[in-house]
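Q: I have a structure here, written as structure tokens, and I will follow up with some questions on it.
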Amino acid sequence: MTDLPPGGARAHLDRIVAAVDDGLAAANRAREAALPACRRAIRHAGSSIRAVHRLDGAEATALVEACEAAIREAQAVLAPFPALAQAGYLHDAEKEFVEARAVAALVAGAPVPGPSELDVGTTAWMRGLAEAASELRRHLLDRLREGDLERGEALLGAMDDVYGALVVVDYPDAVTNGLRRTLDALRAVLERSRGDVTTTVLQTRLQRAIEAAGR
């Protein structure tokens, strides 16, 4: 045990607290920089998905690239502070980024990039993919309204593929960041969409039969 001179105990504690304070100040600066970057990423991701639904590929690509830039900014400033990186807001931003990229890929019939390709957490990737499959319902309904039944059935198949791939991941929500709830929501969307496609198929067949009989 090291003997401290009179009054040395306070000076010793002051030095420790000053070092701790410096670390907390750096962490706070990182948090203050990461939060707006995460908000920008989420905003750009939502706008990119809407552009995909409008069939505006160029706008969707530009927006998802802006989303990725904001994600990388947040990841960089939070890298020295693992506890902050796990606080939730970065996960949510990564999830929205994955959703935007996955929606674009699924609509285009292209392979969905994995978590290593997108440089995001695995739970953010799984939840983002599940939410992307739910988001396909809007695109599916738009195609059905246009009379493109084949496209609607293809999108339903893509939704089903995502659900089938993810449903085998069966771990507590504390491990998967709530994947189970996200999949429950996707299952409900999938069943409604299946009903919409089935109804449209039957109506189309009936209409064709009536038209054939009237010739």
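Q: Outside the structural domain of Met159 (by TED's automatic domain parsing) and more than 27 Å from Asp160 (Cα to Cα): does that describe Val52?
A: For Val52, the condition - outside the structural domain of Met159 (by TED's automatic domain parsing) and more than 27 Å from Asp160 (Cα to Cα) - is not met.
Q: Can we say Ala25 is outside the structural domain of Leu140 (by TED's automatic domain parsing), surrounded by 15 or more Cβ atoms within 10 Å (Cβ to Cβ) and assigned to a helix (DSSP H, G or I)?
A: Values: outside the structural domain of Leu140 (by TED's automatic domain parsing): yes; surrounded by 15 or more Cβ atoms within 10 Å (Cβ to Cβ): no; assigned to a helix (DSSP H, G or I): yes.
Against the criterion (outside the structural domain of Leu140 (by TED's automatic domain parsing), surrounded by 15 or more Cβ atoms within 10 Å (Cβ to Cβ) and assigned to a helix (DSSP H, G or I)), Ala25 does not qualify.
Q: Return the pairs, sorted by first residue and then second, in which the second residue is charged (D, E, K, R) and surrounded by fewer than 20 Cβ atoms within 10 Å (Cβ to Cβ), the first residue lies in region 144-164 and is under 18 Å from Asp184 (Cβ atoms) and in the same structural domain as Thr182 (by TED's automatic domain parsing), the beta carbons are less than 7 Å apart, and the residues are 6+ apart or on different chains.
A: Partner pairs satisfying both residue conditions: Tyr163/Arg187.
Q: Just to verify a result, which residue in region 81-93, among those that are in contact (Cβ under 8 Å) with a residue 40 or more places away in the chain and under 15 Å from the mean Cα position of the chain (by Cα), is surrounded by the most Cβ atoms within 10 Å (Cβ to Cβ)?
A: Ala93
Q: Specify which of the listed residues (Leu155, Leu166, Leu140, Leu144) is under 19 Å from Gly114 (Cα atoms) and crowded, with 16+ Cβ neighbours inside 10 Å. Explain how you work it out, then say what you get.
A: Working: Leu155 fails: under 19 Å from Gly114 (Cα atoms); Leu140 fails: under 19 Å from Gly114 (Cα atoms); Leu144 fails: under 19 Å from Gly114 (Cα atoms).
Going through Leu155, Leu166, Leu140, Leu144 in turn, the sole match is Leu166.
Q: Within region 98-130, take every residue that is assigned to a loop (DSSP other than H, G, I, E, B) and of a type in the set (Val, Ile, Thr) and give me the one that is farthest from Tyr163 (Cα to Cα). Lay out the reasoning, then the answer.
A: Here is the first cut: in region 98-130, the residues assigned to a loop (DSSP other than H, G, I, E, B) are 109-114, 119-121.
Subsequent filtering for residues that are of a type in the set (Val, Ile, Thr) retains 112, 120.
Values: Val112: 14, Val120: 20 Å.
Once the filter is applied, the top-ranked residue is Val120.
Q: Could you name every one of the helices (runs of 4 or more DSSP H) located completely within region 131-215 that has at least 2 residues being of a type in the set (D, E, K, R)?
A: Details: elements: 149-166, 173-176, 179-213.
The qualifying helices (runs of 4 or more DSSP H) are 149-166, 179-213.
Q: Kindly check whether there is at least one residue in region 49-64 that is under 14 Å from Glu131 (Cβ atoms) and modelled with pLDDT of 95 or more. Spell out how you get there, then give the answer.
A: Initial filter on region 49-64 (under 14 Å from Glu131 (Cβ atoms)): 49, 52.
When the remaining residues are screened for being modelled with pLDDT of 95 or more, the result is 49, 52.
Scanning region 49-64 turns up at least one residue that is under 14 Å from Glu131 (Cβ atoms) and modelled with pLDDT of 95 or more.
Q: Tell me the residue from Ala133, Ala212 that is buried (at least 21 other Cβ atoms within 10 Å of the Cβ) and either modelled with pLDDT of 90 or more or over 23 Å from the mean Cα position of the chain (by Cα) (or both), please. Reasoning before the result, please.
A: Values: Ala212 fails: buried (at least 21 other Cβ atoms within 10 Å of the Cβ).
Of Ala133, Ala212, the one residue that is buried (at least 21 other Cβ atoms within 10 Å of the Cβ) and either modelled with pLDDT of 90 or more or over 23 Å from the mean Cα position of the chain (by Cα) (or both) is Ala133.
Q: Something else: Is region 59-80 home to any residue that is closer than 22 Å to Ala165 by Cβ and either among the small types (Gly, Ala, Ser) or under 11 Å from the mean Cα position of the chain (by Cα) (or both)?
A: For region 59-80, residues closer than 22 Å to Ala165 by Cβ and either among the small types (Gly, Ala, Ser) or under 11 Å from the mean Cα position of the chain (by Cα) (or both): absent.
Q: Among what's in region 51-97 and is in a helix (DSSP H, G or I) and among the aromatic types (Phe, Trp, Tyr), pick the residue that is nearest to Leu24 (Cα to Cα).
A: Just the residues of region 51-97 that are in a helix (DSSP H, G or I), to begin with: 51-53, 57-78, 82-85, 89-97.
Checking which are among the aromatic types (Phe, Trp, Tyr) leaves us with 89, 97.
On the way: Tyr89: 19, Phe97: 29 Å.
Looking at residues that are in a helix (DSSP H, G or I) and among the aromatic types (Phe, Trp, Tyr), I get Tyr89.
Q: Hey, another quick one. What tally of residues in region 51-67 results from selecting those that are of a type outside the set (A, V, I, L, M) and crowded, with 19+ Cβ neighbours inside 10 Å?
A: Number satisfying all stated conditions: 1.
The values are calculated or read from the model by the stated rules, or taken from the named source; none is laboratory data. Quantities reported herein were computed from a predicted structural model and do not represent experimental measurements. Virtual Cβ from ideal backbone geometry, glycine too; neighbours counted across all protein chains shown.
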